[in-house]
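Trainee: Below is one structure. I have some questions about it.
Throughout, read-outs are computed from the coordinates displayed, never taken from laboratory work. As the structure is a prediction and not an experimental result, all values here were calculated from the model. Quick reminder, even Gly has a Cβ in these numbers, built from the backbone with ideal geometry, and neighbours come from all protein chains shown.
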Amino acid sequence: MNRQDIISLLIGLLLLLSLGAGCADTGMNPPGEEHLEEVDGLAAGPGSADLPEVTTTAPAREEPAFQTITPVAGTPTVTRVFETKFGTKVYQVRVEVNGSVYAGAKNIDRALPPGADWDDPEVMTAYYGGFIDDPAMTVFFDDMARGLRAVKESKGFNENEYLEFLVTFVQQIPYDPAARPLPRYPVEVIWEQTGDCDEKSLLLLGLLAHEGYDTAFLLFPDEHHAAAGIGIRTGATPSFRVFKGLETGKYFYIESTRPTYIGLYTDPFESAEVSVVPIGEGTGRFTQVNYICRITGTFQKIEERLPFMHDRMKEWETEIADLEKRLTGGDYESRAEWNRDHEAYLTLIDEHNDYVEKYNTYLEVYHYIADHPYDIEGVYRHIDNSGVEDITI
């Protein structure tokens, strides 16, 4: 079994836990693995050499027949146009989708073939691995890459910018909350211009691997969730989780369902059990790790401070209102007492207004970071120009 076969075997074994029901929790547990111990050969006992040789013929194992895509001749090719926000612009990506491949994919019966058994990982791997490894998918990814490379070449993207563009392109394909129980092929996601989390993750993984990037499948069996991973190159230690297998490199999580910064994930995946399976032979990695760390660190700092600042301003507003009422009520025994409250009143107003300015700066940067995950360079510059990191409270 060559390296590609082994990779396909691992991918399918992992995929079978999550792809069967899209993003939904099916309640099914992964099949257990039998613990096999090494067995020593039997030594010949006295007289055993005199026993006649016995020849037995084991029954041949009947392997289930798995389907592959058979392109349907005569089905016309169509052009799908996607608008993708990246940086400060909106790009049109034109993808020529081979209608013969799409029609062939639609014709495949997604049900498990006769003889397939969930307890047989090799059989299940052969089934699920076909969603990426099917020869027809090579044709599809070749066609798809032409439209994406056209944008790369016309805009002069470097390899890291192109990586970010591919990620945000897939993220911005509309999410399908009513996806079918059995997964779509990547060609179907592009033709139909929609997909669920697993389908879009498969599309992104296949696309990144095709374009020469170091990618990995991240599977969270307990959460019934699948995600794409991208290899990273960094000497820094990010404040969030880096995913690493026993014999693999380091990977950042990529959420494919919606525009999200590379590396970010929701709370359950901070400590969840994960399997990391590299895909393909790509070597390109995500190198803007320090940018992401600064952006996410700034976001988290602001997120923690905003509630405190909001509550503090409300307290000041109450104090200011009380002082204002007292100052205008004339209930003072001396001018000095009134002057003391008036000075406190003016000080509170100054402190409150200073906080308002800082709060509004924080809030603007907070929303800018949240609303522009497709513009890592721009967000990094925006943080610089805002002076938000110099704010003290």
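Trainee: Specify the residue that is nearest to residue 252 (Cα to Cα); the eligible residues are those in segment 200-214 that are among the charged types (D, E, K, R) and more than 12 Å from the chain's Cα centre (by Cα).
Mentor: Narrowing segment 200-214 to residues among the charged types (D, E, K, R): 200, 211, 214.
Applying the additional criterion that residues be more than 12 Å from the chain's Cα centre (by Cα) yields 211, 214.
Details: 211: 18, 214: 11 Å.
Checking each candidate, the answer is 214.
Trainee: Suppose the filter is in a helix (DSSP H, G or I), of a type in the set (D, E, K, R) and surrounded by fewer than 23 Cβ atoms within 10 Å (Cβ to Cβ); does residue 161 pass it? Steps first, answer last, please.
Mentor: Values: in a helix (DSSP H, G or I): yes; of a type in the set (D, E, K, R): yes; surrounded by fewer than 23 Cβ atoms within 10 Å (Cβ to Cβ): yes.
Against the criterion (in a helix (DSSP H, G or I), of a type in the set (D, E, K, R) and surrounded by fewer than 23 Cβ atoms within 10 Å (Cβ to Cβ)), residue 161 qualifies.
Trainee: Pick out the one residue from 366, 355 that is touching a residue at least 60 places away in the same chain (Cβ under 8 Å) and surrounded by 15 or more Cβ atoms within 10 Å (Cβ to Cβ).
Mentor: One residue alone meets the criteria, 366.
Trainee: From the set of residues in segment 329-349 that are within 20 Å of residue 317 (Cβ to Cβ) and out of contact with any helix residue (DSSP H, G or I) (no Cβ under 7 Å at 6 or more places or on another chain), which is surrounded by the fewest Cβ atoms within 10 Å (Cβ to Cβ)?
Mentor: 329
Conditions tested, residue by residue: (1) surrounded by 24 or more Cβ atoms within 10 Å (Cβ to Cβ); (2) part of a loop (DSSP other than H, G, I, E, B); (3) in contact with a Ser or Thr (Cβ under 9 Å, 6 or more places away or on another chain).
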{"site": "208", "(1), (2), (3)": "yes, no, yes"}
{"site": "218", "(1), (2), (3)": "yes, no, yes"}
{"site": "228", "(1), (2), (3)": "yes, no, yes"}
{"site": "241", "(1), (2), (3)": "no, yes, yes"}
{"site": "247", "(1), (2), (3)": "no, yes, no"}
{"site": "252", "(1), (2), (3)": "yes, no, no"}
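Trainee: Charged (D, E, K, R) and under 18 Å from the mean Cα position of the chain (by Cα), is that true of residue 294? Spell out how you get there, then give the answer.
Mentor: Working: charged (D, E, K, R): yes; under 18 Å from the mean Cα position of the chain (by Cα): no.
Taking the combined requirement at face value, the residue does not satisfy it.
Trainee: Regarding segment 297-317, can at least one residue be identified that is closer than 27 Å to residue 221 by Cα and loosely packed, with under 12 Cβ neighbours inside 10 Å?
Mentor: No, segment 297-317 has no match at all.
Trainee: For residues that are under 28 Å from residue 223 (Cα atoms) and touching a helix residue (DSSP H, G or I) at 6+ places or on another chain (Cβ under 9 Å), scanning just segment 283-296, find the one that is surrounded by the fewest Cβ atoms within 10 Å (Cβ to Cβ). Can you show your working first?
Mentor: Going through segment 283-296, the residues under 28 Å from residue 223 (Cα atoms) turn out to be 285-286, 289, 292-293, 295-296.
From what's left, touching a helix residue (DSSP H, G or I) at 6+ places or on another chain (Cβ under 9 Å): 285-286, 292, 295-296.
Numbers: 285: 21, 286: 26, 292: 23, 295: 22, 296: 17.
Selected residue: 296.
Trainee: Hey, residue 341 hits all of (1) touching a residue at least 12 places away in the same chain (Cβ under 8 Å); (2) under 27 Å from residue 287 (Cα atoms); (3) acidic (Asp, Glu) but one; which does it fall short on?
Mentor: For residue 341, the exception is condition (2).
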